[in-house]
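The values are calculated or read from the model by the stated rules, or taken from the named source; none is laboratory data. On a predicted model such as this, the values are computed, not experimentally measured, just so you know. Neighbour counts run over all protein chains shown; Cβ positions are idealised from the backbone, glycine included. The area values use the complete protein model at the heavy-atom level, side chains included, leaving out ligands, DNA and RNA. Shrake-Rupley method; radii C 1.70, N 1.55, O 1.52, S 1.80 Å.
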Amino acid sequence: MKKELNLTNRIWSGTLRLALLGLVLVCFANAVFAQQTPYSPDHQLDLNNASFEEIQRLPIPAELAWRIYERILYQGPFKNVYELKQVKGMTQEIFLKIKPLVKVAAYRPRSDREERVERLYYQLDRWEGSESINRALIDLWMEQALEPININEITYQDLLNLQGVSPVDAAAIVHYRNQVGKIFSSRDLRSAPYLSYFGYRNARDFVQFEKAPQKKEFHGHYLLRMDNTPFFTEEAEATALIPAERINNNYPNYYTRFFGTYGKNIRFGYSFYHALYEPFLKQNIGFMEVPKGKVYLGIENQRLGPIEVRKLYFGNYSLAFGQGVVMENFDFFTPRKSGFGFRKRFLGLTGDNSRTRQYKLTGVATELYYRGAHVYLFGSFDKRDAILNTTPVVINGKEYYPVNQFIVLDQRFEYAPQDVVRQNKKLPWRDNVRELLYGTHLAYDLFPATQIGFTYYESAYDRLLRPNISEIVAGGNLGQVSMPDNEILNSYGGPVSDGKNPFWGAAKSFRRVYGMDFQAVYQNVAFQAEYAELDKARGLGKNPAAFVGSVYVQYNSLYLLGLYRDYSLEFDNPYQRSFSNYRRFNRTIYQDYFYLQDPLYGQLYTNNPQPQPEKGFYLLTRYQINRHFVLRLEYDKWRRKSDDATQHRLVGTLEYRPIFPLRINLRQKYQGREVQNNLTLEYFENFEFRGTVRMRLSRYNEIGFLYMNSLTKFRPRPRFSFPVETGEEYRYSNVNGVVGSPAEALGGFFTHNFNRWLKLKGFLGYYKGFFWNFEDTQFQVMNSLQGAMRFWFSIYSRINSQISLRVKYTRDYQFPVTYLQARSSSNLPLQGGGKYYQTDLYQPVQDFLYLEFNFHF
């Protein structure tokens, strides 16, 4: 035990030294560079057009540099170099020293866009690296923050898509504008009835109050992101089983995207994503090969006689309507996606720059408007990834291999790496199904913030749909487990899906989904609902259906959201992204990859973006009691349709600010399944406490501490852990049958802005068990049975007002059961008899790098 403590102390000491060394080096470099001046008589500083950081590089005290900058900012540019003598603190000695290094030229005013970049740089920093929000929303926020729209012309739906603007806020702005005729200023906007202060504060960053002159200028944003961060726990275990010979490169995760605008009406973009270790896919464009990415061109705000062509997009585009029940083409699952707050969805039509690859739409789409009527028309033709059955269906003497399940792949290998049967039969899982999709969304504005809509889409496939659980589960495993697999057995397919398509002769099957949605706002209350059916030829109202309805009430210091959802077990819509706690195939045999014919088939669950069939009620509220206390409560109670298992989730958060810079955040979660049922093994309870203390300092600096404690309880299953051996050395021999799974974490974090151009962030902590955390711009999930040390630090630098660079380094040190391993060694004979057991030192250390580059123009 003493050795373990000494080892732990050494690890803590070494990790602390390394983290402190990185901090010292950055600070030292910043200090050294601050003292060295890059200016000379041949390379003089233009004072009138210099930033504070550039003036600070002169060989003068920092206080004097700030006074020179303030003199230019508030009193105007210098007329000649001798006016420097009028600045307080300027001595004759300092003046003679810097006089050859500076010059006074005519002041060049910045463009409106450059001014907004400088004013919103802190917000842009958060948006540029964000991974947890829909990419379409991020692109919209960045572009509209830099090119704001006239608030007297913006539509209700465009207001809804803005960050932090609720339906009540959007309706309040529209109603007030209609009432007074025109909104002239921020003060005028603040007078809108029922507009919350939070909504006002967020909306003002995206709007202006006068019509800007039409300029045919080219603007845009380029992002490059690379990292070698592994997948989350379950996916990492399955990925580790990929045979080495199947991996033909060690390229990192790579994501690049570009979007641009020309004037106010033309938008275009390109994006490319490559996952860790996957093959590098290219496409031939006639005269050369380029990375296989996504591209789009959009034309907006045109007229065709009396009809407004609000949007017309070619290439890859994304769609979302209503509550996401019928249509939202996004590859990623977001739990509890209510459409409010941080769970917003981009409503309408836009170009697709996201990392979506499976459900991307490629074709043409448009939004038309005429006297309160909105008409969306869309069509797409693209390939999908799917697991094919090994047993063909014979039609008219010809064999056809049908689709078993569509799958979202992390790594798009041509074949599942360990599925030899499908490899021998030449049945790939990448791009093996073609889909023709077309549809419409029709909506009508009954009142300015009240709308009713109808959505319809139909997909046609060039393969039959035949879901079959025995074609995915490895032989013998299907009868050995007792998992609730009703979701799998009720997947859409079979003879009911067979059919032709009038627009495509190769079609062999289809899927048809349609629904109605409604939204309305009355004063400070918003109503939203959507109902949809999956057509299975049973008649209207008898088909598998899904429903989501919500009511949102908002005051300045209080809001309340109530949401109800009910999804039929047979409602299998691959484009459904509505509210749910868990993704599809949760608690089915597809969740346990070790039962399947290939471990990567577990991505049927881990990457499934569809919600699971469930029925329940969700309540969310936030109440600012006074300046010191903010209370947030989240409660959800639902029933899983596949086996009627009842579940609940209760999260309470209390924020206490005894003084303004100090914030104490206490969060307690209680979650359970089948808590009242003593006869089922489905039972679990989870208790999780998380506390953080943040001290906000000047210049957006902060320092804080985090503590987390969690316990998950299960039904005891002694048969999994019998016989039980006693003794310290058997402490981790078998944990499969234990009744509880504890977790704990302790750490500290900091943010230091050296100036407006350079920022350092970091974290150092210890965790044991399951632990999740936000690490700068990344969300990470970790798990360690024996405990682990983890630290990271990131450096964010604004090289200039247009270019920024972020570098992040992470080290994770897992404490092993033993520091010795003998798998690669052998027993060697010794003189005098006996054997010598040779071992290797085992060092379970993981290092991760993250690089991000941004360019605004």
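Within segment 355-368, can one find any residue that is open to solvent by less than 30 Å² (accessible area, probe 1.4 Å), at pLDDT below 95, touching a helix residue (DSSP H, G or I) at 6+ places or on another chain (Cβ under 9 Å) and farther than 28 Å from Tyr444 by Cα?
Yes; the residues of segment 355-368 include at least one that is open to solvent by less than 30 Å² (accessible area, probe 1.4 Å), at pLDDT below 95, touching a helix residue (DSSP H, G or I) at 6+ places or on another chain (Cβ under 9 Å) and farther than 28 Å from Tyr444 by Cα.
Can you tell me which residue is modelled with the highest pLDDT among those in segment 87-143 that are among the small types (Gly, Ala, Ser) and surrounded by fewer than 18 Cβ atoms within 10 Å (Cβ to Cβ)?
Per the criteria, the residue is Gly89.
With respect to Ser497, determine if the residue is open to solvent by 30 Å² or more (accessible area, probe 1.4 Å), hydroxyl-bearing (Ser, Thr, Tyr), touching a strand residue (DSSP E or B) at 6+ places or on another chain (Cβ under 6 Å) and touching a residue at least 12 places away in the same chain (Cβ under 8 Å).
In short, no.
Please note which helices (runs of 4 or more DSSP H) are completely contained in segment 150-220 and include at least 2 residues that are free of Cβ contacts under 8 Å to residues at least 24 places away in the same chain.
Helices (runs of 4 or more DSSP H) meeting the threshold: 167-180, 186-190.
Pairs only if they're at least six apart or on different chains, beta carbon under 9 angstrom, first in segment 665-694 and farther than 20 Å from Pro742 by Cβ and in a strand (DSSP E or B), second open to solvent by 60 Å² or more (accessible area, probe 1.4 Å) and of a type in the set (S, T, N, Q); list them, first residue then second.
none
Is one or more of the residues making up segment 298-307 at pLDDT 90 or above, part of a strand (DSSP E or B) and within 30 Å of Leu534 (Cβ to Cβ)?
No, segment 298-307 has no match at all.
Those residues that are touching a strand residue (DSSP E or B) at 6+ places or on another chain (Cβ under 7 Å) and assigned to a loop (DSSP other than H, G, I, E, B), I need them from segment 611-637; list them, please.
Gln612, Pro613, Ile625, His628
Restricting to segment 439-454, count the residues that are in a strand (DSSP E or B) and surrounded by 19 or more Cβ atoms within 10 Å (Cβ to Cβ).
Adding up the residues that qualify gives 5.
Tell me which residues, restricted to segment 393-435, are over 12 Å from Gln358 (Cα atoms), without any contact (Cβ under 8 Å) to a residue 60 or more places away in the chain and part of a loop (DSSP other than H, G, I, E, B).
Asn396, Gly397, Tyr415, Lys425, Lys426, Leu427, Pro428 - these are the residues of segment 393-435 that are over 12 Å from Gln358 (Cα atoms), without any contact (Cβ under 8 Å) to a residue 60 or more places away in the chain and part of a loop (DSSP other than H, G, I, E, B).
Name the pairs whose Cβ atoms lie under 6 Å apart, with the first residue in segment 57-72 and of a type in the set (Gly, Ala, Ser) and open to solvent by less than 30 Å² (accessible area, probe 1.4 Å), the second part of a helix (DSSP H, G or I) and at pLDDT below 85, and 6 or more positions between them or separate chains?
Ala65/Gln56
For the structure I just gave you, tell me whether Tyr766 is open to solvent by 40 Å² or more (accessible area, probe 1.4 Å) and either within 14 Å of Met708 (Cα to Cα) or of a type in the set (Ser, Thr, Tyr) (or both).
Answer is yes for this residue.
Given the residues Asn607, Asn573, Asn586, which is the only one that is surrounded by 23 or more Cβ atoms within 10 Å (Cβ to Cβ) and touching a residue at least 24 places away in the same chain (Cβ under 8 Å)?
After ruling out the rest, the residue left standing is Asn573.
Would you be able to say whether some residue in segment 543-562 is out of contact with any strand residue (DSSP E or B) (no Cβ under 7 Å at 6 or more places or on another chain), open to solvent by less than 40 Å² (accessible area, probe 1.4 Å), under 26 Å from Gln612 (Cβ atoms) and not in a strand (DSSP E or B)?
There is no residue in segment 543-562 that is out of contact with any strand residue (DSSP E or B) (no Cβ under 7 Å at 6 or more places or on another chain), open to solvent by less than 40 Å² (accessible area, probe 1.4 Å), under 26 Å from Gln612 (Cβ atoms) and not in a strand (DSSP E or B).
Just one of the numbered conditions (1) in a loop (DSSP other than H, G, I, E, B); (2) under 24 Å from Leu409 (Cβ atoms) is not true of Ile488; which one?
The number of the failed condition is (1).
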